[in-house]
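First the structure, in the form of structure tokens, and then the observations on it.
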């Protein structure tokens, strides 16, 4: 997964997981600073998403979870960003 900063928009993109069934969607999650709590940040049908309404000036960590009709997959490695 990588974080792609632009002047106005912030985006995340990632690769499809190697293991498990085909993902129907991807849940993006974030946590602030040293928090242990992950919050849902959005859903994506493909391998990228644009982040909006995220806190500014705060260190954030993002991760992605593949979702299909059977279950949710393991979370991806996180990526750190300050928006």
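The values are calculated or read from the model by the stated rules, or taken from the named source; none is laboratory data. All values reported here derive from a predicted model rather than from experimental measurement. Counting neighbours? That spans all protein chains shown, and the Cβs are built from the backbone with ideal geometry, glycine included.
Which members of region 36-54 meet the condition of being farther than 16 Å from residue 16 by Cα and surrounded by 12 or more Cβ atoms within 10 Å (Cβ to Cβ)?
38, 41, 42, 50, 51, 54
Of the conditions (1) in a loop (DSSP other than H, G, I, E, B); (2) surrounded by 11 or more Cβ atoms within 10 Å (Cβ to Cβ), residue 65 satisfies every one except a single condition; which number is it?
(1)
Residues being assigned to a loop (DSSP other than H, G, I, E, B), surrounded by 14 or more Cβ atoms within 10 Å (Cβ to Cβ) and either at pLDDT below 70 or touching a helix residue (DSSP H, G or I) at 6+ places or on another chain (Cβ under 7 Å) (or both): count how many of those fall in region 1-19.
Here the count works out to 1.
Filter region 27-71 down to the residues that are within 14 Å of residue 81 (Cβ to Cβ) and free of Cβ contacts under 8 Å to residues at least 24 places away in the same chain and list them by number.
41
Please work out which one of (1) surrounded by fewer than 17 Cβ atoms within 10 Å (Cβ to Cβ); (2) at pLDDT 90 or above is the condition residue 30 fails and give its number.
(1)
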